[in-house]
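The values are calculated or read from the model by the stated rules, or taken from the named source; none is laboratory data. All values reported here derive from a predicted model rather than from experimental measurement. Here the Cβ is made from the backbone with ideal geometry for all residues, glycine too, and neighbour counts use every protein chain on show.
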Protein chains: 2
Amino acid sequence: MTVTLADVAARAQVSPATVSRVLNGNYPVAASTRARVLKAVDELDYVLNGPASALAAATSDLVGILVNDIADPFFGIMAGAVQSEIGGPGGRAGGERLAVVCNTGGIPERELTYLTLLQRQRAAAVVLTGGAMEDGGHQAAVAAKLRKLTEAGTRVVLCGRPPAPDTGAIALTFDNRGGGRELTEHLIGLGHRRLGYIAGPEERTTTRHRLEGHRTALAAHGIEEDPRWTVHGRYDRQAGYEATLELLRRDPTLTAVVAANDTVALGACAALRDSGLRIPDDVSVAGFDDLPFSIDAVPALTTVRLPLAEAGARAGRVAMGREDAPAGGIATVRGELMVRGSSGRPRG
Amino acid sequence: MTVTLADVAARAQVSPATVSRVLNGNYPVAASTRARVLKAVDELDYVLNGPASALAAATSDLVGILVNDIADPFFGIMAGAVQSEIGGPGGRAGGERLAVVCNTGGIPERELTYLTLLQRQRAAAVVLTGGAMEDGGHQAAVAAKLRKLTEAGTRVVLCGRPPAPDTGAIALTFDNRGGGRELTEHLIGLGHRRLGYIAGPEERTTTRHRLEGHRTALAAHGIEEDPRWTVHGRYDRQAGYEATLELLRRDPTLTAVVAANDTVALGACAALRDSGLRIPDDVSVAGFDDLPFSIDAVPALTTVRLPLAEAGARAGRVAMGREDAPAGGIATVRGELMVRGSSGRPRG
DNA sequence: TCTTACATAGAAAGCGCTTGCTGTACGGCT
DNA sequence: AGCCGTACAGCAAGCGCTTTCTATGTAAGA
């Protein structure tokens with residue numbers, strides 16, 4: 001049998017109530033008593049029963065973090081930052097909180113299941129990172145779930161995700177549209193007029209917003225877009241590789257390739273190299289996110305830097321109520337254009 | 001007030017016991033009754049109270065995964081694989097389990113705190129990934145904790161970590177020593193005799209084992225190592241960059257640089273390039289792990305591929321009792337040498 | 001027809017903790 | 001000296017669920 005509060009109480013010659021109060025430190029206990037209790041706890045190697053405590057107190061110290069792909073540093077960086085702020089071990093603030101990182105794999109139903117699981121655990125807060133799926137029914141279902149959570153007192157923060165109106169969720173949204181526009185404008189400014197675009201999976205807000213930004217820039221400069229210039233694919237290297245080959249096949253005269261994110265851009269670079277094209281002399285390449293490895297690409301990747309760690313940290317603080325929510329519950333986080341070696345003037 | 005089991009019972013005109021049994025499906029319930037209960041659950045939007053359930057049943061559906069750095073794909077890939085196997089949402093197997101990814105940041109005390117937190121939550125299983133710290137006291141403390149956990153019925157699996165004897169923990173250990181040896185032998189085989197080594201942080205098993213492998217190879221070929229050829233640093237790009245400059249400063253005649261992992265190797269490449277040296281013509285570079293971006297380095301990185309996803313998946317299955325533990329509770333996972341463009345014959 | 005067994009459903013006793021309320025000293029007042 | 005406020009400590013009632021044991025209705029066996 002494991003050691004219980006009562007065992008500690010018996011050994012310290014006090015009531016269980018007193019032990020509980022010593023452990024929670026939310027009620028006056030005489031120093032001598034406290035010492036006696038602590039000694040007993042130590043001697044018996046007592047560990048609080050989390051579920052019992054959560055049940056009785058109707059609160060929990062679990063914080064959920066939903067990510068699309070935990071193996072992708074884009075999410076890893078945000079998740080790590082959130083975690084560092086929620087006052088888990090190492091965080092100075094109050095009680096120890098346990099961060100639960102949930103990997104949805106970008107699968108709508110999994111996202112919902114995890115939210116239910118978190119709701120079941122009576123999570124103290126939930127942070128949803130990354131773009132949302134655009135399937136109508138799913139969005140409504142998620143919104144309903146989020147509303148339930150906030151109503152039950154769980155703080156919900158969206159990090160790098162569009163706002164979810166009327167759910168009580170706080171949103172720190174990335175300005176994907178603005179970043180996309182800026183990036184493409186940079187290329188247009190260099191003289192590019194024929195730009196391929198490798199978009200992410202369809203039905204994703206991130207994908208759509210970045211693409212919209214790209215198109216806005218084209219339109220603003222009177223560039224008519226050829227439908228063949230856009231290819232959709234997953235957010236991974238291989239998709240970038242294949243999409244680039246496809247782009248090249250469709251229109252070998254392209255002078256630039258804009259990728260939905262850095263990982264995809266890396267695949268694009270590989271495809272271009274394998275096709276005997278030089279970067280940026282023959283074709284310029286641009287990514288998005290500015291993940292750590294982007295600067296190590298050769299040539300270094302021109303991209304839009306998203307302050308992932310900062311945004312994650314802020315999301316964590318907001319989730320813990322340690323920082324005020326932005327006005328209106330919505331804040332926009334801007335990206336910063338990073339011009340590097342992979343983009344240059346088009347040939348000729 | 002939130003909806004409770006009793007509410008559902010009342011609405012379905014059955015006892016709470018019956019509702020519980022329908023929900024858990026571990027006791028015969030007439031089909032008609034079950035349907036009625038399920039209907040009530042649906043209508044009331046009932047969500048089980050996790051803590052209460054865990055308390056009463058003395059079990060929990062939480063599975064902990066400890067990682068050193070969640071922003072590092074090395075850990076992200078393993079964590080994702082573990083998670084995909086523990087039967088969380090998406091996993092077909094039985095109950096929904098919640099994976100708790102805990103970021104220790106490589107800090108000993110945090111590791112311990114997280115283990116206590118997991119113990120407090122009565123986690124069903126715990127997977128510890130990556131190398132262990134070699135601080136004696138800490139190791140003993142962790143071992144004691146692990147023993148407690150296994151004694152309490154929590155399954156403990158070490159993934160990519162040396163075995164912890166007498167703790168009841170199951171170990172899937174990476175053959176870092178063998179990989180390190182093979183890698184260096186490859187370079188020696190190419191003709192290198194003056195090899196720099198950028199090791200990871202000291203007091204880490206991974207660091208030590210890889211370095212030992214390297215030295216074993218040198219010794220086997222009668223190469224006397226110059227103490228100046230080894231530099232320690234963090235497992236990140238910047239550390240690799242700085243260490244490489246330091247190495248070059250100490251001995252400009254080095255013809256190869258072996259890094260503790262791929263990320264460090266990338267930093268090394270950058271430093272070499274910035275120093276006007278060509279890879280591999282002037283200096284060969286090698287990494288370890290074969291993370292996804294390694295193949296995109298220019299030239300592609302010679303490295304040792306560790307089957308992170310496979311190991312993680314296996315660890316997950318073992319943790320769930322879905323796969324038998326290896327004989328003796330210890331299995332060694334080998335790496336595979338990947339020879340690519342970053343290594344070549346030394347000049348001259 | 002009466003017993004024996006089986007399939008379900010309910011009653012109730014906790015699981016280990018928190019917390020509102022109720023003592024009980026003790027020191028400082030008037 | 002008598003009273004009250006303060007500072008602790010304990011009692012006991014749950015928190016919402018699981019599960020053992022018991023009760024009941026029914027089908028099968030004698």
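For (1) within 14 Å of chain A (Cβ to nearest Cβ); (2) among the acidic types (Asp, Glu); (3) under 24 Å from A:Cys102 (Cα atoms), each residue gets a yes or a no:
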residue: B:Leu112; (1), (2), (3): yes, no, yes
residue: B:Thr116; (1), (2), (3): yes, no, yes
residue: B:Gln119; (1), (2), (3): yes, no, yes
residue: B:Ala123; (1), (2), (3): yes, no, yes
residue: B:Thr129; (1), (2), (3): yes, no, yes
residue: B:Thr150; (1), (2), (3): yes, no, no
residue: B:Pro163; (1), (2), (3): no, no, no
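Among B:Arg305, B:Arg273, which is among the basic types (Lys, Arg) and within 14 Å of chain A (Cβ to nearest Cβ)?
From the options B:Arg305, B:Arg273, the qualifying one is B:Arg273.
Among what's in region B:45-67 and is free of Cβ contacts under 8 Å to residues at least 60 places away in the same chain and assigned to a loop (DSSP other than H, G, I, E, B), pick the residue that is farthest from DNA strand D (Cβ to nearest atom). Reasoning before the result, please.
As a first pass, look at region B:45-67 and keep what is free of Cβ contacts under 8 Å to residues at least 60 places away in the same chain: B:45-53, B:55-57.
So of that shortlist, the ones also assigned to a loop (DSSP other than H, G, I, E, B) come out as B:45-49.
On the way: B:Asp45: 12, B:Tyr46: 7, B:Val47: 8, B:Leu48: 5, B:Asn49: 3 Å.
Among those residues, the one meeting the criterion is B:Asp45.
This table checks each residue for (1) in the same structural domain as A:Ala71 (by TED's automatic domain parsing); (2) of a type in the set (Asp, Glu); (3) touching a Lys or Arg at 6+ places or on another chain (Cβ under 8 Å).
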site: A:Thr216; (1), (2), (3): no, no, yes
site: A:Glu224; (1), (2), (3): no, yes, no
site: A:Trp229; (1), (2), (3): no, no, yes
site: A:Arg237; (1), (2), (3): no, no, no
site: A:Thr244; (1), (2), (3): no, no, no
site: A:Arg249; (1), (2), (3): no, no, no
site: A:Thr253; (1), (2), (3): no, no, yes
site: A:Gly267; (1), (2), (3): no, no, yes
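Could you list all residues from region A:213-242 that are within 14 Å of chain B (Cβ to nearest Cβ), surrounded by fewer than 18 Cβ atoms within 10 Å (Cβ to Cβ) and touching a strand residue (DSSP E or B) at 6+ places or on another chain (Cβ under 8 Å)?
none
Restricting attention to strands (runs of 3 or more DSSP E) lying wholly within region B:243-324, give those where 2 or more residues are touching a Gly at 6+ places or on another chain (Cβ under 9 Å), crowded, with 24+ Cβ neighbours inside 10 Å and modelled with pLDDT of 95 or more.
Values: elements: B:256-259, B:284-286, B:303-305.
The strands (runs of 3 or more DSSP E) meeting that bar are B:256-259, B:303-305.
Let's see how each residue does on (1) over 19 Å from B:Pro280 (Cβ atoms); (2) of a type in the set (Ser, Thr, Tyr); (3) free of Cβ contacts under 8 Å to residues at least 12 places away in the same chain:
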position	(1), (2), (3)
B:Thr207	yes, yes, no
B:Glu225	yes, no, yes
B:His232	yes, no, no
B:Thr253	no, yes, no
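Looking at the structure I just gave you, is B:Ala40 outside any strand (DSSP E or B), farther than 30 Å from B:Thr205 by Cα and of a type in the set (A, V, I, L, M, F, W, C)? If you could, list the steps in order and put the result at the bottom.
Values: outside any strand (DSSP E or B): yes; farther than 30 Å from B:Thr205 by Cα: yes; of a type in the set (A, V, I, L, M, F, W, C): yes.
Spelling it out, B:Ala40 is indeed outside any strand (DSSP E or B), farther than 30 Å from B:Thr205 by Cα and of a type in the set (A, V, I, L, M, F, W, C).
Being farther than 20 Å from A:Tyr197 by Cα, over 16 Å from the mean Cα position of the chain (by Cα) and not aliphatic (A, V, I, L, M) is true for just one of A:Glu242, A:Glu310, A:Glu336, A:Glu323. Which residue is that?
Answer to the selection: A:Glu323.
Going through region A:1-25 one residue at a time, which ones are crowded, with 18+ Cβ neighbours inside 10 Å and part of a loop (DSSP other than H, G, I, E, B)?
Of everything in region A:1-25, just one residue is crowded, with 18+ Cβ neighbours inside 10 Å and part of a loop (DSSP other than H, G, I, E, B), namely A:Val14.
Which ones in region B:130-148 are touching a Lys or Arg at 6+ places or on another chain (Cβ under 7 Å) and not hydrophobic (A, V, I, L, M, F, W, C)? Steps first, answer last, please.
Initial filter on region B:130-148 (touching a Lys or Arg at 6+ places or on another chain (Cβ under 7 Å)): B:130-134.
Across region B:130-148, the qualifying residues are B:Gly130, B:Gly131, B:Glu134.
I need every pair where a residue in region A:25-37 that is closer than 23 Å to A:Val3 by Cα has its Cβ under 8 Å from the Cβ of a residue that is of a type outside the set (Gly, Ala, Ser) and within 7 Å of DNA strand D (Cβ to nearest atom), sequence separation at least 6 or different chains.
Filtered contacts from region A:25-37: A:Val29/A:Thr18; A:Thr33/A:Val14; A:Thr33/A:Thr18; A:Arg36/A:Gln13; A:Arg36/A:Val14; A:Val37/A:Val14; A:Val37/A:Thr18; A:Val37/A:Val29.
In a helix (DSSP H, G or I) and among the aliphatic types (A, V, I, L, M) - does that describe any residue in region A:148-159?
Within region A:148-159, the first condition is being in a helix (DSSP H, G or I), and the residues that meet it are A:148-151.
Applying the additional criterion that residues be among the aliphatic types (A, V, I, L, M) yields A:149.
Yes, region A:148-159 contains at least one residue that is in a helix (DSSP H, G or I) and among the aliphatic types (A, V, I, L, M).
Of all residues in region B:146-163, which are surrounded by fewer than 23 Cβ atoms within 10 Å (Cβ to Cβ) and within 19 Å of the chain's Cα centre (by Cα)? Please lay out each step first, then the result.
Residues of region B:146-163 surrounded by fewer than 23 Cβ atoms within 10 Å (Cβ to Cβ): B:146-148, B:150-153, B:155, B:161-163.
Listed by number, the residues that qualify are B:Leu146, B:Arg155, B:Arg161, B:Pro162, B:Pro163.
Being without any contact (Cβ under 8 Å) to a residue 40 or more places away in the chain, within 11 Å of chain B (Cβ to nearest Cβ) and away from DNA strand D (no atom under 16 Å from the Cβ) is the requirement here; does A:Ile70 meet it? Walk me through it before giving the result.
Working: without any contact (Cβ under 8 Å) to a residue 40 or more places away in the chain: yes; within 11 Å of chain B (Cβ to nearest Cβ): yes; away from DNA strand D (no atom under 16 Å from the Cβ): yes.
Yes, satisfied.
Output the residues belonging to region A:187-245 that are closer than 15 Å to A:Ala259 by Cβ, aliphatic (A, V, I, L, M) and in contact with a His (Cβ under 6 Å, 6 or more places away or on another chain).
The one that is closer than 15 Å to A:Ala259 by Cβ, aliphatic (A, V, I, L, M) and in contact with a His (Cβ under 6 Å, 6 or more places away or on another chain): A:Ala199.
Output the number of residues of region A:21-48 satisfying the condition of being within 8 Å of DNA strand C (Cβ to nearest atom) and within 14 Å of another protein chain (Cβ to nearest Cβ).
Step one: filter region A:21-48 for residues within 8 Å of DNA strand C (Cβ to nearest atom), giving A:21, A:23-24, A:26-27, A:46-48.
Narrowing further to those that are within 14 Å of another protein chain (Cβ to nearest Cβ): A:23-24, A:46-48.
Looking only at that region, the number is 5.
Just the residues that are modelled with pLDDT of 90 or more and within 16 Å of DNA strand C (Cβ to nearest atom), please, taken from region A:61-112.
Correct list: A:Leu62 only.
Going by what's in this entry, would A:Arg208 be described as of a type in the set (D, E, K, R) and more than 21 Å from the chain's Cα centre (by Cα)?
Numbers: of a type in the set (D, E, K, R): yes; more than 21 Å from the chain's Cα centre (by Cα): no.
When the stated conditions are applied, A:Arg208 does not pass them.
Can you pull out the residues in region A:23-44 that are within 42 Å of the chain's Cα centre (by Cα) and more than 8 Å from DNA strand D (Cβ to nearest atom)?
Scanning region A:23-44 gives A:Leu23, A:Asn24, A:Gly25, A:Asn26, A:Leu38, A:Val41, A:Asp42, A:Leu44.
Do the conditions hold for A:Val3, that is, is it within 13 Å of DNA strand D (Cβ to nearest atom) and more than 8 Å from chain B (Cβ to nearest Cβ)?
On the way: within 13 Å of DNA strand D (Cβ to nearest atom): no; more than 8 Å from chain B (Cβ to nearest Cβ): yes.
Taking the combined requirement at face value, the residue does not satisfy it.
Residues that are under 24 Å from A:Glu109 (Cα atoms), more than 10 Å from chain A (Cβ to nearest Cβ) and either among the hydroxyl-bearing types (Ser, Thr, Tyr) or part of a loop (DSSP other than H, G, I, E, B) (or both): does region B:74-89 have at least one? Reasoning before the result, please.
Residues of region B:74-89 under 24 Å from A:Glu109 (Cα atoms): B:76-89.
Filter once more, keeping what is more than 10 Å from chain A (Cβ to nearest Cβ): B:85-87.
Remaining after also requiring either among the hydroxyl-bearing types (Ser, Thr, Tyr) or part of a loop (DSSP other than H, G, I, E, B) (or both): B:86-87.
Within region B:74-89, one or more residues are under 24 Å from A:Glu109 (Cα atoms), more than 10 Å from chain A (Cβ to nearest Cβ) and either among the hydroxyl-bearing types (Ser, Thr, Tyr) or part of a loop (DSSP other than H, G, I, E, B) (or both).
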